[in-house]
């Protein structure tokens with residue numbers, strides 16, 4: 001089982017791609033809690049150039065609440081990360097964590113339905129971006 005699912009966008013503008021991903025996440029009930037600009041951080045901290053790479057920390061509050069009530073330490077897996085990156089060939093790829101794969105490490109059967117619902121919502125986002 002893979003730990004993510006992804007798609008390559010037709011959009012070639014990185015910032016517009018971020019906007020598009022954010023809109024599709026919102027349509028599925030997610031907000032962006034965090035945004036980490038990896039290429040800028042690596043430039044600032046290490047002085048190295050890196051491809052455009054952004055990590056969006058997406059959260060769906062009702063599902064996060066449900067998961068936290070089932071498993072207190074599940075916050076270690078939250079928020080759901082979505083990565084937007086520019087490949088070497090200039091194509092923009094979007095990848096989302098597979099919550100079912102990550103929840104396999106947690107031995108709590110009550111989390112399975114929540115993970116499956118979030119998985120479907122994230123898959124919907126990826127499919128709409130294709």
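Read the figures in this text as sums done on the coordinates, not as results from a lab. Computed from a prediction, not measured in an experiment: that's the story for all the values here. Methodologically, a virtual Cβ is constructed for each residue, glycine included, from the backbone with ideal geometry; neighbour enumeration extends over all protein chains shown.
Miscellaneous remarks
- Scattering curve values for the range 4-129, log₁₀ I(q)/I(0), Debye with Cα scatterers, q = 0.11, 0.16, 0.19 Å⁻¹: -0.40, -0.78, -1.01
- Residues of the range 52-67 falling in the label zone of residue 110, defined by backbone nitrogen less than 18 Å from a point 7 Å along Cα to beta-carbon, are 62-67.
- Helical content of the chain, expressed as a calculated mean residue ellipticity at 222 nm, amounts to -13000 deg cm²/dmol (DSSP H runs of 4 or more residues, -39,500 (n - 2.57) each, divided by residue number, nearest 500).
- Shape analysis of the range 1-41 based on the Cα gyration tensor places the equivalent ellipsoid semi-axes at 17, 15, 15 Å, largest first.
- Maximal additional length on extending the residue 72-residue 36 stretch stands at 10.4 nm, based on 0.36 nm per residue less the C-alpha distance.
- You can think of it this way: the chain between residue 10 and residue 59 has 15.1 nm of extra reach, that is 0.36 nm per residue less the Cα-Cα gap.
- Between residue 27 and residue 88, the FRET efficiency estimated from the beta carbon spacing at R0 = 35 angstrom works out to 0.70.
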